[in-house]
Amino acid sequence: QVQLVESGGGLVQPGGSLRLSCAGSRIMFAIYDLGWYRQAPGKQRELVASITKSGSTNYADSVKGRSTISRDNVKNTVYLQMNSLKPEDTAVYYCNAINGRREHWGQGTQVTVSS
């Protein structure tokens, strides 16, 4: 069974940085488009950043310029580097892998930005 496991979340002060990782098992990341989503309490899940199989990236306006998504197909891992974090970045962050009708989600990692 495919598994996506996120890590790297935690409590960080405003202005701080975090690097989220998502490691896949029993899945070949190289053939998937990958993304990071987040869901804050009472809000819908939203796309934060995505990276295609060919390496093209896309960012939500709210994180553009502060975040970088990258992938390592050898390690079957996708990363999200987030800088200059704000309280409104507080959410559960989920990893997503999609290839046509095949789609997989991780269980999420909590990011809390607070002083």
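Each row is one residue, and each column tells you yes or no for (1) in contact with a strand residue (DSSP E or B) (Cβ under 6 Å, 6 or more places away or on another chain); (2) open to solvent by 20 Å² or more (accessible area, probe 1.4 Å); (3) part of a loop (DSSP other than H, G, I, E, B).
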| position | (1), (2), (3) |
| --- | --- |
| Ile69 | yes, no, no |
| Leu80 | yes, no, no |
| Leu85 | yes, no, yes |
| Tyr93 | yes, no, no |
| Ile98 | yes, yes, no |
*Lone qualifier among Glu103, Glu46, Glu88 - being under 12 Å from the mean Cα position of the chain (by Cα) and of a type in the set (D, E, K, R)*: Glu46
*Within region 6-47, restricting attention to residues that are hydrophobic (A, V, I, L, M, F, W, C) and open to solvent by 70 Å² or more (accessible area, probe 1.4 Å), which residue is nearest to Arg101 (Cα to Cα)?*
Met28
*With the checklist (1) out of contact with any Cys (no Cβ under 9 Å at 6 or more places or on another chain); (2) within 25 Å of Ile27 (Cβ to Cβ); (3) open to solvent by less than 10 Å² (accessible area, probe 1.4 Å) in hand, flag the one item Ser54 doesn't pass.*
(3)
*Out of (1) in a loop (DSSP other than H, G, I, E, B); (2) under 23 Å from Glu88 (Cα atoms), the odd one out for Trp36 is which?*
(1)
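The values are calculated or read from the model by the stated rules, or taken from the named source; none is laboratory data. Every value quoted in this text rests on a predicted model; they were computed, and no experiment measured them. Don't worry about glycine lacking a Cβ; one is built from the backbone with ideal geometry, like all the others, and counts go over all protein chains shown. These area figures cover heavy atoms from the full protein model, side chains too; ligands, DNA and RNA do not enter into them. Shrake-Rupley method; radii C 1.70, N 1.55, O 1.52, S 1.80 Å.
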